[in-house]
Amino acid sequence: MLRTSSIVLIAAVSGGLYAASVDVVRVATGSLKGVVAGSVVAFKGVPYAAPPTGENRWRPPQPVAHWKGVRPAEAYSNDCMQLPFPSDAAPLGTKPAEDCLYLNVWKPAVRAAGKLPVMVWIYGGGFVNGGSSPAVYDGTHFAESGLVFVSFNYRLGRFGFFAHPALTKAEPANAVGNYAFLDQIAALKWVRKNIAAFGGDPGNVTIFGESAGGGSVLTLMTTPLAADLFHKAIIESGGGRTGLGPMRHIRDAASGQPSGEAVGTAFAEKAGIKGEDAAALAALRQLPAERVVDGMNMMTMMNPTYAGPMIDGKIVVEAPEQAFLAGRAARVPLIAGANSADIGFSFAKNMDEVFAPFGPQTEKARAVYNPDNSSAFRAVGSLIAADRLMIEPARFVVRMMAAAGQPAYEYRFSYVAESMRKQWKGAPHATEIPFVFDTVAAKYGKDLAPADEAISRTALAYWVAFAKSGDPNGEGRPHWPAHNAKTDMLMNFTNSGPVAEADPWKDRLDLIEATSASK
């Protein structure tokens, strides 16, 4: 019976026979042994860069050392160092550690006749939380659908985004500050170099991510360092104009924000480290990992000693909006969208402050966003903030790609799991993920309903079809029209199933567009 942890395939070659273990793959740095489960083989904890510890802390990803023999690739590595967020929609499956630059690959057990499309997942978590180990990120169903699926870890928080004058002096020729993005680029280079060994096509790679992962896709689409590393993109609730918020500059104060170096200096001084010389950098690299985290996660990330993604002139040279408007973004087929009850941050203290940003359009905005003249300014403010942060920017990116002649598709995810419909009026941030991955059983367990499973299979099918061909459509599901600014059609994943419709929120989003930074 050919069903063991080391399935052996027998094939005729030149009139003879050979045996090939499907759970052993040879990559550039050595051999890997994965785990077979049904029709899929998973390889987990595969190093794509050297451990970013010691002297490698706050350095670009360094090459992996070759190993001898067959390396077990049977379990996730540690997720990257962080303080886990108790309410995370995708709780980690491993203990965080600074040694974390590993990836995971799922592939069909039976080798296909041709090269398979590749999907590469980039997780969210506000750039301070997240990892590749959560159960809802399992790539099994993508591999079952005829793809090679990859997920990877990238550095977070101050490990992933940190600037300091001592670092700049030590690495004058290198891009510094945005180490998380350098990790992502290194992972994509690993895919280009090694994915053929898993049956994948390095010339047909789709990157996709949610929230900070979606923002990362935007960065990869607009950085010259990622040119030709991918061929299609999917952005789930990742913004589109300024990513997930305005970025500071690494060396210069701008727009009322201190520079990244100033923020890093403030952190160093808080840790008792002064100066801008090699001794200061050595002391920073010797800080315990927990001290670098310093209690920061998604609840406390608005922190004066954390810089976040920065404009550095090499990796990130401009905001996404500027790149798209100037035609400098990668011209690739695109899916982008957001959720019907997505996230937004309003700090307005009353209704007048809520509508102040609309200026001459204030009365029209009041009519569209507050037709009942409600006094619930926080709810109205959050609605506008979500449109401004997530929903209109997704439309903007889709429109830019469509105008550039690329197939571009917009979605809105409005489906709410049956067990949550009394609690949620719409689909909150990140709730589309288990449906796209078809991992709803891991998310909802005993509360899983047949309707949840049905919409999950459909969402997965759209994503898989897009990765294969650049078109999400296929038999057995509603047609998803490509975006056209005149018709403004999108695919709305509703509680009744997917519905292609003219955007019912067009008036709202037109107002947001009219008051965007580009106007």
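Read-outs throughout are calculated quantities, based only on the coordinates presented, and are distinct from any laboratory measurement. What you see is a predicted model; the values in this text were computed from it and never measured. Cβ sites come from the backbone with ideal geometry, for glycine too, and all protein chains shown count toward neighbours.
Worth a mention:
- Calculated mean residue ellipticity at 222 nm for the chain: -8000 deg cm²/dmol, from DSSP H runs with n ≥ 4 weighted as -39500 (n - 2.57), summed, divided by the residue count and rounded to 500.
- Taking 17 Å as the straight-line reach from the Cα of Lys425, the aspartates and glutamates in range (excluding those fewer than 8 positions away in the same chain) are Asp342, Asp387, Asp452.
- Cross-link pairs exceeding 26 Å in C-alpha to C-alpha distance, out of Lys169/Lys314; Lys314/Lys486; Lys107/Lys446; Lys422/Lys446, comprise Lys314/Lys486; Lys107/Lys446.
- Out-of-range pairs (alpha-carbon distance over 29 Å; input Lys95/Lys274; Lys44/Lys189; Lys95/Lys189; Lys68/Lys443): Lys95/Lys274; Lys68/Lys443
- Projecting the Cα atoms of Val217, Ala73, Ser469 onto the charge dipole of the chain (Cβ charges, centred on the Cα centre) puts Ala73 farthest toward the positive pole.
- Pairwise FRET efficiency - Ala37 versus Ser255, Cβ, R0 = 60 Å, nearest 0.05: 0.75
- Placing +1 on each Lys and Arg Cβ and -1 on each Asp and Glu Cβ, with no other charges, gives the range 25-332 a dipole about its Cα centre of roughly 820 debye.
- Taking other Cβ atoms within 10 Å as a rough exposure proxy, Leu83, Leu188 sort from fewest to most as Leu83, Leu188.
- Listed by chain and number, the aspartates and glutamates whose alpha-carbon sits under 14 Å from that of Lys364, ignoring those within fewer than 8 places in the same chain, are Asp352, Asp372, Asp507, Asp510, Glu513.
- Furthest towards positive pole of dipole, Pro309, Ala175, Thr265, structure part the range 25-332, Cβ charges: Ala175
- Order of His249, His164 - criterion: other Cβ atoms within 10 Å of each residue's Cβ, fewest first: His249, His164
- Sequence ranges 130-143, 298-311, 485-498, ranked by mean other-Cβ count within 10 angstrom, highest first: 130-143, 298-311, 485-498
- Placing unit charges on the Cβ atoms only, positive for Lys and Arg and negative for Asp and Glu, gives the range 88-197 a dipole magnitude near 380 debye about its Cα centre.
- Separation between Cα centres of the range 93-144 and the range 441-465, rounded to whole Å: 18 Å
- Given [x] 79, 64, 44; [y] 68, 53, 48; [z] 134, 55, 49, the label whose value is Cα extents along the principal axes in Å derived from this model: [x]
- Mean separation of Cα contacts under 8 Å, 6 or more apart, over the residue count of the chain: relative contact order %: 13 percent
- Length-normalised contact order for the range 437-512 - Cα pairs under 8 Å, 6+ apart - percent: 17 percent
- If a spin label sat at a point 7 angstrom from the Cα of Ala97 along the line to its beta carbon, no backbone N atom of the range 132-146 would be nearer than 14 Å.
- Debye, to nearest 20: dipole size of the range 336-519, +1 on Lys, Arg Cβ, -1 on Asp, Glu Cβ: 180 debye
- Based on C-alpha pairs under 8 angstrom that are at least 6 apart in sequence, the range 100-166 has a relative contact order of 49 percent.
- FRET efficiency for Arg421 and Arg111, using Cβ-Cβ distance with R0 set to 30 Å, rounded to 0.05: 0.10
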